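Below is one structure, written out as structure tokens; the observations come after it.
The values are calculated or read from the model by the stated rules, or taken from the named source; none is laboratory data. For clarity, every value in this text was computed on a predicted model and none was experimentally measured. So basically every Cβ, Gly included, is an ideal-geometry build from the backbone, and we count neighbours across all protein chains shown. With ligands, DNA and RNA removed, areas are computed over all heavy atoms of the protein, side chains included. Shrake-Rupley method; radii C 1.70, N 1.55, O 1.52, S 1.80 Å.
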Amino acid sequence: QVHLVQSGGGLVQAGGSLRLSCVASGRIISIDTMGWYRQASGKERELVADITSSGNIHYVEPAWGRFTISRDNAKNTVYLQMNSLKPEDTAVYYCAIEIKSGDIDYFRLYWGQGTQVTVSS
């Protein structure tokens, strides 16, 4: 069994910062790409940023220059530092991690429980 637990998020004023964390635990053999998605009310879930096992990073346009994704492989953790937050960043944020676990011989995508980020104007 693999579990992802998110922390961080909350309510912040426009221009403020928040940091999200997501820790994977369980019978983990290997971790590939780690990413962050968000889903605003009434909208589809969308990619924010991801980072491969080799450290290649991909940001989607709303995150450029404001968000920073990073990972700590020793801790099986991915972070999302969000600066200069805007009201349109308000959404539920989910981490997603590709993990090869002890009982499956391929990478499977696991999702965190989601955390609310609300940016007030």
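Quick check: at a probe of 1.4 Å, how many percent of the accessible area of the chain sits on carbon and sulfur atoms? Numbers along the way, then the final one.
Working: 3020 of 6410 Å².
C and S fraction of accessible area: 47 percent.
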Item to check | Where segment 1-99 is the region considered: accessible area per residue in Å², 1.4 Å probe | outcome: 51
Checklist outcome for this item: Residue span Q113 to Q81: 0.36 nm per residue of separation minus Cα-Cα distance leaves a gain in nm of 9.7 nm
Checklist entry - Quick one: how many Å² of K86 are accessible to a 1.4 Å probe, rounded to 10? => result 80
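How much length is gained if the chain between E61 and Y106 is pulled fully straight, taking 0.36 nm per residue apart and subtracting their Cα-Cα distance, in nm to one decimal?
Numbers: separation 45, 0.36 × 45 = 16.20 nm, distance 3.05 nm.
Result: 13.1 nm gained on full extension.
FRET efficiency for S120 and S30, Cβ-Cβ distance as r, R0 = 35 Å, nearest 0.05? Walk me through the intermediate numbers first.
Numbers: r = 40 Å, r/R0 = 1.16.
Efficiency at R0 = 35 Å is approximately 0.30.
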Checklist entry - Using the per-residue mean of other Cβ atoms lying within 10 Å as a proxy for protection, in what order, highest first, do the peptides 53-65, 106-118 fall? => result 106-118, 53-65
